[in-house]
Amino acid sequence: MARPVALQGNLLEGAIGKCCGAPARAPLTRPEAEEVATLLKAVSDPARLQLLSIIRSAADCSACVCELVPAVGLSQPTVSHHLKVLTQAGLLMREQRGTQAWFTLVPERLDQFGQIFA
């Protein structure tokens with residue numbers, strides 16, 4: 001029978017090393033975890049992931065709401081809501097060009113996704 005793993009601080013002593021090898025970097029702090037949770041919550045909706053993908057595939061990584069509405073097949077208010085959530089999470093920047101709202105990816109913010117589980 002396996003011996004119970006002793007609790008030390010916030011980590012189970014020896015548990016991480018036994019299953020995954022030595023950790024390559026320190027675990028997330030509470031503020032870092034909250035920041036990552038904000039990002040994950042923002043992209044947890046399939047429509048938002050699709051919007052990010054469409055904007056990312058554009059030549060200059062930006063798109064107008066008028067282009068996004070038909071591309072995702074949702075109403076303009078719904079698309080605007082999703083874009084607002086992505087903007088508030090810092091994944092997009094909004095720019096008013098005349099009467100149209102344009103959204104551009106924030107590459108530094110997207111890079112954080114690659115670092116979450118690296």
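The values are calculated or read from the model by the stated rules, or taken from the named source; none is laboratory data. The model shown is predicted, which means the values in this text are computed figures rather than measured ones. Every residue, glycine as well, gets a Cβ built from its backbone with ideal geometry; the counts of neighbours run over all protein chains shown.
Each row is one residue, and each column tells you yes or no for (1) assigned to a loop (DSSP other than H, G, I, E, B); (2) touching a helix residue (DSSP H, G or I) at 6+ places or on another chain (Cβ under 6 Å); (3) among the charged types (D, E, K, R).
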{"site": "A59", "(1), (2), (3)": "yes, no, no"}
{"site": "A63", "(1), (2), (3)": "no, yes, no"}
{"site": "V69", "(1), (2), (3)": "no, yes, no"}
{"site": "T78", "(1), (2), (3)": "no, no, no"}
{"site": "H81", "(1), (2), (3)": "no, no, no"}
{"site": "E108", "(1), (2), (3)": "no, no, yes"}
{"site": "G114", "(1), (2), (3)": "no, no, no"}
Given (1) outside any helix (DSSP H, G or I); (2) modelled with pLDDT under 95, number of the condition L74 does not satisfy: (2)
